[in-house]
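A quick write-up on the structure given underneath.
What follows draws every value from the coordinates through simple rules; no lab data is involved. Note that this is a predicted model, so its numbers are computed, not measured. For neighbour counting, all protein chains shown are included, and Cβ atoms are generated from backbone atoms with ideal geometry for every residue, glycine included.
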Amino acid sequence: MSKNGSFAPPPTVPADLARRMLVERVDDRRLSVGMAIGTTENKRQQVVSHGYRDARAQGRINENTIFEIGSITKLFTAMLLVDMANRSEVGLDEPVAELLPAGTRVPSRNGKVITLRDLASHYSGLPRVPTNLGREDHPDDPYACYTAEDLYQFLATHELIRTPGDTFEYSNLGVGLLGHSLVLRANARDHETLIRSRILGPLRMDDTVIAIPSRLTDNVASGHDDSLDPVSNWNFDVLAAAGAFRSNVSDLLRFMDALCEGHSPISSMIGPLTTPRSQGGLELGPPHPDGGIAISHSGGTGGFRSFVRCIPEWKRGVAVLSNTCIDAVVDLGVHLLDQRCGLNWYRKEVAVEPSCFARVVGRYRLRPNWEFEVTSVAERLYIRLADQPALRAFPISEWHFFYKCVGAQVTFEPGEDGRAARLILHQNSTDQIAERIE
């Protein structure tokens, strides 16, 4: 305890230990092609990186490498809303319909309309993604072709199943709609221009961008899937406010410092951001067990994962960036901020003879209308449940496998004919058995 009775923050993680954590995740566990982590305390910054910008190992990750940061973008969007409310350009409880073109229908329920506060705090009642996103037509870049016309068409026909303001449900659609409406109200050119004028510019976050300028192209990371194979970058149109920004550790540490500083250019945006909804705020900063608040957000696109978190009372923040879709950043960031929080344990894949996959290939029934389909392609094993996407399963042994992109494992039990007779899914502390049917 400190002299005034407040909690004394735990020690920070030394740079050499942080580096060993990255080496284990990148080289040993193969959870990423390249990662960068940065910590800051009282504006004293420390950056550690390991790995490469792409799978060809043609450029090392450093503090200036540009990553897609996905939903960390939502923090900027929420702060933009607060700033515009502070300037009386909008009201937090103003219906979003009032910012959209005349005649645009926005669904309501039980006499309650969707407000800007509802959108920012994920209480709008809107689904995670619009049903007309057309992801099946653009699986590698699902948001790029979704336009304002598509958005208005969705709003015109959608019926809410939850009343606005009643229930939390995370919504990319909701925050995307919020950002679009704020751009219209501000009469701005686009979302990036508006965010830069209110947040990024004052903080000198010059490398945080949506459209990548030529000066940054030589240090942009490529995204990868859980097999560490290259995947397409993601781009956004009307829903840019939900996840379009790219950034680096250096800029994000500058952002963390600003959130921790009482007199930064964005300090007036922080109070309403973290105040509970019941008290007129957005409720995006949950209480920290030791007092104060923790402001954080994770991000994920097709080939990237990201995480930022700060505790303003400690003057301490962290940023973790990875150019692979495996979620190996959140637990690391939380631990670096507070060593009392444990790290996740990740299995290590082992080499097995690919010919053994033939023994487990087939279909397994979990319950009526729920079947696993196990296939082998290019000496890799994939498992698909019902209509969900097929996921690669990595071997622990010839009969035991695990996923890298979800927290689950699979055991195959051999039958009398030498083939697998059953598939057992181990997930969420439960075991579910599926019998072979083909």
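Points to keep in mind about this one:
- Value of Rg/Rh across the range 354-436 [Cα atoms, Kirkwood radius]: 0.92
- Neighbour-count ranking [beta-carbon atoms within 10 angstrom, fewest first] of Leu119, Leu216: Leu216, Leu119
- When the chain is treated as a Gaussian network with alpha carbon springs shorter than 10 Å, the biggest mean-square fluctuation among Val48, Val410, Val352 belongs to Val352.
- Computed from Cα atoms, the angle from the helix 73-86 axis to the main principal axis of the chain rounds to 20 degrees.
- Mean ellipticity per residue at 222 nm, deg cm²/dmol - from DSSP H runs of n ≥ 4 across the chain, formula -39500 (n - 2.57): -5500 deg cm²/dmol
- Crossing angle, helix 148-157 versus the chain [Cα axis fit, 0-90 degrees, rounded to tens]: 80 degrees
- Angle between the chain longest axis and helix 249-260 axis [Cα atoms, degrees, rounded to 10]: 50 degrees
- Within a Gaussian network of the chain (alpha carbon springs, distance under 10 Å), most fluctuating of Pro389, Pro287, Pro272: Pro389
- The per residue volume of the convex hull around the alpha-carbon atoms of the range 20-103 is 189 Å³.
- The charge dipole of the range 67-337, taken about its Cα centre with unit charges on the Cβ atoms of Lys, Arg (+1), Asp and Glu (-1) only, comes to about 760 debye.
- Spatially proximal lysines relative to Lys112 (Cα-Cα < 30 Å; intrachain offsets below 8 disregarded): Lys74
- Of the peptides 357-367, 244-254, 101-111, the ranking by mean beta-carbon count within 10 Å, highest at the top, reads 244-254, 357-367, 101-111.
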